[in-house]
1. Quick one: which of C:620, C:662, C:666, C:708 is of a type in the set (Ser, Thr, Tyr) and within 22 Å of the chain's Cα centre (by Cα)?
2. Of the conditions (1) assigned to a strand (DSSP E or B); (2) facing chain B (nearest Cβ under 10 Å); (3) surrounded by fewer than 18 Cβ atoms within 10 Å (Cβ to Cβ), residue C:196 clears all except one; give me its number.
3. Count, please, the residues in the stretch C:297-315 that happen to be more than 19 Å from residue C:492 (Cβ to Cβ) and either in contact (Cβ under 8 Å) with a residue 40 or more places away in the chain or among the charged types (D, E, K, R) (or both).
4. Kindly evaluate residue A:393 against the criterion of being surrounded by fewer than 20 Cβ atoms within 10 Å (Cβ to Cβ), more than 8 Å from chain B (Cβ to nearest Cβ) and either in a helix (DSSP H, G or I) or over 26 Å from the mean Cα position of the chain (by Cα) (or both).
5. Restricting the stretch C:356-408 to residues that are within 14 Å of chain B (Cβ to nearest Cβ) and assigned to a helix (DSSP H, G or I), which is surrounded by the most Cβ atoms within 10 Å (Cβ to Cβ)?
6. (1) more than 9 Å from chain B (Cβ to nearest Cβ); (2) within 25 Å of residue C:571 (Cα to Cα); (3) touching an Asp or Glu at 6+ places or on another chain (Cβ under 7 Å): which one isn't true of residue C:683, the others all being true?
7. Is there a residue being buried (at least 24 other Cβ atoms within 10 Å of the Cβ) and under 23 Å from residue C:112 (Cβ atoms) anywhere in the stretch C:458-475?
8. Would you mind finding the one in B:22, B:26 that is more than 20 Å from residue A:397 (Cα to Cα) and at pLDDT 95 or above?
Amino acid sequence: MPSRPTTIAIILAAVLAAGVLLVAGGFAWTWRPAIAPIADNERPPADEQTIRHGAELAAIGYCNSCHQAAEGKPYAGGRAISTPFGTIFSSNITPDAETGIGGWSEAAFQRAMHEGVDRTGRQLYPAFPYDHFTKATDDDVRTLYAFLMSQPPVHSVIRANALEFPLNFRPMVAGWKILFLRETSLQQDDSKSPQWNRGRYLAEGLGHCGGCHTPRNILGAEIKGSAYVGGTAEGWNAPPLNSLAVQKWTIDQITEYLSTGWTRWHGAAAGPMAIVTQSLAQAQSEEVRAIATYIASLSSQTGTAPENATSGDNKQVAKASAEVAAIFSGACSNCHDGRDGIGPSKAVSIALSAAVRQSGSANVVRVIIEGIQPVPGMPGAYMPSFDNVLTDQQIASLADYVRARYTNEPQWKDVRQEIAKMRQ
Amino acid sequence: MPIAINVNDKSHVIYAEPSTPLLYILRNELALHGPRFGCGLGQCGACTVHVDGRPTFSCILPLAAVGERKITTLEGLLEDGKPNKLQQAFIDEQAAQCGYCISGMVMRGQALLRANPSPTDSEIRNYMRPNLCRCGTHAAILRAIKRAATGQEKRS
Amino acid sequence: MNGRFAPSRRDLLQGAGACVVAFSLAEAAGGATAQDLPPSKSVALDQVDAFLAIDDKGMVTIYAGKVDLGTGVRTGLTQIAADELDVPMASVEVIQGDTALTPDQGPTYGSLSIQNGGVQIRQAAATARAALLDQAAARLGVAPGDLTVANGVITAKSGNGVFTYAELIGGKHFDLKVNPAAPTKNPADYKIVGKPIERLDIPGKLTGEFTYIQDFRVPGMLHGRVVRPPAIGARLESVDESSIENVPGIVKIVRDGNFLGVVALSEWSAVRAAREIVTTWSKSETLPEQGKLWEHVRTTKILKDDVTSNIGDAPSVIAGEGKKLSATYDFAIQTHGSIGPSCAVSAFRGGKLISWSASQATHNLRKQLALMFSLPLDDVRCVYVDGSGCYGRNGHEDAAADAALLAKAVGEPVRVQWSRADEHGWDPKGPPTLIDLRANIDASDTVTAWESEFFIPQGAADDVDLVAATLADLPAEHLLSPGGIINDSAIGYKFANIRTICHRLERTPFRASWIRTPGRMQNTFANECFLDEIAAAVNADPLEFRVNYTDPADKRGLDVLDHLARLAKWETRPSPQKPITGNLVKGRGCSYVKYELVRTYIGAVAEVEVDRATGEIRVSKFYVVHDCGQIVNPKGVKAQIEGCVIQTVSRALKEELTFDRSMVTSLDWASYPILTFPEVPEIEIELIDRPTEKLWGAGEPTAALIPSSISNAVFDATGVRLRSVPFKRGKVKAALQSASEMDRR
């Protein structure tokens, strides 16, 4: 004779059913049909002007920072993007019919950018920041589409993502979208200048600055109300943009920094930000200035202008730790202690560095190990990699040394951890 | 205070400021000609040596940081006082004009061939990128590395 | 001291069993006996003794005023001397650039080391050989024609009697004037010249045995570093000596006017002291705004006009009927960028100065140092020690002056090593060049007139003021010496009316000097691109166009063009390629010149790929055809051509000095990038060897063609003309953007 189900079993079943219904409902809510593929000759040709404009929009969105692998071709995907949920491999967005988006109509592309769904109707993981791209106008997305379609098609099969269960189940994204995706466009703010509005449109949309500079919740969504409070990007700290960092950032400085990767009173962009600035170098300077105008407005910066800031160099530290002081003098000073605070390779005094003041040592550790490379073949800020030059122990001591010498902050507790992370 | 370092399989006791970049120690205290001063900034590769076999700019490595790691210079690649396979390949291809960058090129090239005995042209070019040459000897250097890798002669 | 590069000496007397007769050529010449010969060595250009000596073991020493700058000249001169004297190369040693020992053959520039220097040495050797044969003939009672020479041993064909050079002259002076009519060896009999002899210095450079000036040490030597002003023309206002108290081993801080240097016991202490010393300087803004450089050049006062060609009446024809073309070209300020920054060692001994440096013109440096320190010329000796490639007048001479000033101040030998910032910031620069060109084409698409105006500084290839003399306000010549930059302003094409004028400007923004292929590169860039513009305007194939306007009597020139077409598999069609579609486009361009209109012929074809979205140019391949007459060492010539191509691709694509109103701002490789391995093109070279023709230079001519070949290839690929060197991405992108619509996909 069959046993009767227990109360707990009934509750579990109910919860399960509710969960299934929620997911199913969410799935239904977010389900999209496949859009038929198009052939190459069905695509209307674009004129040179549009393609060039599209290239500039792609520069602002720095698509290749994700959609190009280290040894790969532009837009051909295959780059490993580590997320807290596992690794995602960026897709091939060249117009290759078989392995890229060659069969995508403009409508399919618009849908992907605005709704996070691919041509076949699959959910796209929000590592592709459509929560930002949704704010881009149809016109801009159309222009971007024309540019991408003009790129040389590359046959490149992308590895499958390595995500932890149950996140490797795409329909789960539906739930995420219900909770976090708002397909709204920005409303013009008439109390601000046209430049500010343009900057906000670019920064919040294609520029997706918040993607790194805003903290994320446990489900990987940007925390509402904490915009630009600071976040992380591939192990690096993305500092807050809404508060006075070390020193005041003027619009001119932000513009220079974003379009060249360096500015005199703050130093060089490093890690993922260096890649962003290399991309923004290709954008029109008025657009970058607009972004800078918006970003500058995020904090009420009333701090002292950098030219007046005291250098804060505790030279006593040098005497306290002779060996690491010797290492600093031999390895770092030639560039970082230049005459008048600026030296070879565009190195600025570490007294100006925001990285030494962050609550975590990630950026200092990473920049010592990785260095800073300009765009290959182009002039720019440079720092040699000290990986293998110095041992991990020495790098740790150096991080502690610069923290003590150039700030009045307490010593970091995570230095060895950060170094260990880089060795995984 | 003396510091002991191991260079080309010999131990040396060095009396110098601990902050001194290894490059100056090798050239002055040890009178070696291999590693050269090109920039002192880690930008050109003329100072390249091996630190535990890995190609490293000696101009940004302070004496205090060397420790027990083994340093190898151009001179240390000689076999019984004679050029090794790669050095001979450079001579056979006449891969030097002024020759000032060549020590760094050989050190970097040697590290490549140890890690990858049969590199493609593209792999050689990418690997050698950090080393600068102003005379324009790159084509001959590439031929020399290829020659040492495959052991085949390439007509220049 | 100056290193030896020839393999170890070997005894030449291979058991010949000859009777050794002590013999003095001087006696035979009716002059004083050997014992009366003056102790110092002759350096007079008309004396055999100036150029060569043979010791009592038969070792030949060649004294060359021309120096090996990493170019293989030492080997080439050894080949020439050995062949002419009929001795093995191993018996020849070359001493170079020592003002006490070597004649003044002129600075080592202009691709003249073999063409002039080698020829002088050949003539001296021929004179010596003839004299030695005469003596041997007299001794043996035969005619000189009955003698043969091999390996320094003179043998009578009849078999009776042998003399070695060592026996005849060993260790004594020749006391002979160089005979310009002394017959030189028939090229058909060359055993060494024309052969691809391996360079004598390369093995030492691969083993670490070679000594560069940077390796050069003298006993008791101290280490010096200079502290240059933060701005050109800034005055040194204060020096806080206590700021380097904690740097160990400081010997002296040397301050003389605006010159500041530090001398220390160790090199690192000198580096640290120079870096850490606290100084204040006045503000100084003597430079134009970089963004307005060409305005500045165009409005600089013109001192005179050099009309470098005037055929027919170009201005009238251009003003008359016909289709007009005009364009303006410019070429940026560039720096030598020696990979090993300049270095020198100087010492004062008993009031006399000896200076070791890698100067390409030690005889001139000697005069400059004598002037600077108010010394008689005889009290100054300059000795050449190989440096890294200098490609012209870089900072070597200035480092020598710095070292001398410091040595004088401390009374010990001092070595000065320039930092990378010293080299990039303070070596003299290749001046900016601005060129306007105009042409007239008649109804039958014939070019009827060509007119060009070059805005370039006055002066020639004279001395360049020493930085230390300027800073310390010591005597100097105050010359403006940009090099022979009017060369190749004139063109060799046969147009009916040609006028080329060089407007010689009163001044130029930086201390100027010549960089490889000075003027010839900039001028040929404009000429060969504008010619290409005309070809495109009349829808002609660019290579055919050049053939059509070359003098039909110029067989060698036409040969080069013919070989070029075949080597590059040139497809005959006008430029640009059609259709121009897609983001990555490919093209090819050609360029041709007879260097300075009087010597080496070169033709080149470049193949490029352009990314139209980013403006990035990739030079994928270069073809070069080269006719320099008699080739002394084909390997050496090929190496020079490859060097010309790669170095100049770097200059054409990337290199531009950056500066603000006060000072150079491109002070290292990160701010002045040069070509790296991934960017190096494939190169295919064809040498045309003409052993019976005059010997012409090969170190520079090819470089003249590189920028125009690339620009012409970019035009072929994109339909857009690049008229401004360097072809940086931003410029290329802007040029592409302002061009007409491209074809639809």
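The values are calculated or read from the model by the stated rules, or taken from the named source; none is laboratory data. Computed from a predicted model, the values in this text were never measured in an experiment. Ideal geometry is used to build each Cβ from the backbone, glycine not excepted, and the neighbour counts take in all protein chains shown.
1. Answer to the check: C:708.
2. Of the numbered conditions (1) assigned to a strand (DSSP E or B); (2) facing chain B (nearest Cβ under 10 Å); (3) surrounded by fewer than 18 Cβ atoms within 10 Å (Cβ to Cβ), the odd one out for residue C:196 is (1).
3. Of the stretch C:297-315, the ones more than 19 Å from residue C:492 (Cβ to Cβ) are C:297-305, C:313, C:315.
The next check asks that each one be either in contact (Cβ under 8 Å) with a residue 40 or more places away in the chain or among the charged types (D, E, K, R) (or both); those that pass are C:297-298, C:300-305, C:313, C:315.
The qualifying residues number 10.
4. Values: surrounded by fewer than 20 Cβ atoms within 10 Å (Cβ to Cβ): yes; more than 8 Å from chain B (Cβ to nearest Cβ): yes; either in a helix (DSSP H, G or I) or over 26 Å from the mean Cα position of the chain (by Cα) (or both): yes.
It is true that residue A:393 is surrounded by fewer than 20 Cβ atoms within 10 Å (Cβ to Cβ), more than 8 Å from chain B (Cβ to nearest Cβ) and either in a helix (DSSP H, G or I) or over 26 Å from the mean Cα position of the chain (by Cα) (or both).
5. Of all residues in the stretch C:356-408, those within 14 Å of chain B (Cβ to nearest Cβ) come to C:358, C:360, C:384-392, C:394-396, C:399.
Still in the running and assigned to a helix (DSSP H, G or I): C:396, C:399.
Working: C:396: 28, C:399: 35.
Filtering first and then ranking leaves C:399.
6. Result: residue C:683 fails condition (1) only.
7. Yes, there is a match, as at least one residue in the stretch C:458-475 is buried (at least 24 other Cβ atoms within 10 Å of the Cβ) and under 23 Å from residue C:112 (Cβ atoms).
8. Values: B:22 fails: more than 20 Å from residue A:397 (Cα to Cα).
Going through B:22, B:26 in turn, just one is more than 20 Å from residue A:397 (Cα to Cα) and at pLDDT 95 or above: B:26.
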